[in-house]
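Beneath this line is the structure, given in structure tokens, with notes to follow.
The values are calculated or read from the model by the stated rules, or taken from the named source; none is laboratory data. The model shown is predicted, which means the values in this text are computed figures rather than measured ones. Glycine gets a Cβ as well: all are built from the backbone with ideal geometry, and neighbour counts include every protein chain shown.
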Amino acid sequence: MSLHVMPIYAYRCAACGHSDEHIQKMSDDALIVCPTCHAPSYEKQLTAAGFQLKGNGWYVTDFKGGSPAKSPSDG
């Protein structure tokens, strides 16, 4: 079984303000026609990444300047 992961892109219409998210292949052309008002002003938006890093992973303890991170048992 092959798993195909496609990104979710946020779009907003500059004409009517309609906004929505669309799942597309990275190779697909950007959408330009608003599905609500049909104006050619539907634009891809820049959004934050959809993940969070939690716990005591490498991002907390590695590649960080200063003193090493303290563990909860260090007090």
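Each row is one residue, and each column tells you yes or no for (1) modelled with pLDDT under 95; (2) more than 21 Å from the chain's Cα centre (by Cα); (3) among the acidic types (Asp, Glu); (4) loosely packed, with under 12 Cβ neighbours inside 10 Å.
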site	(1), (2), (3), (4)
8	yes, no, no, yes
16	no, yes, no, no
19	no, no, no, no
27	yes, no, no, yes
37	no, yes, no, no
41	no, yes, no, no
52	yes, no, no, yes
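Is there any pair with a first residue in segment 16-32 that is touching a residue at least 24 places away in the same chain (Cβ under 8 Å) and a second that is of a type in the set (Lys, Arg) and surrounded by 14 or more Cβ atoms within 10 Å (Cβ to Cβ) whose Cβ atoms are under 6 Å apart and which are 6 or more apart or on different chains, and what are they?
19/12
So is residue 2 exposed (fewer than 10 other Cβ atoms within 10 Å of the Cβ) and modelled with pLDDT under 65 or not?
yes
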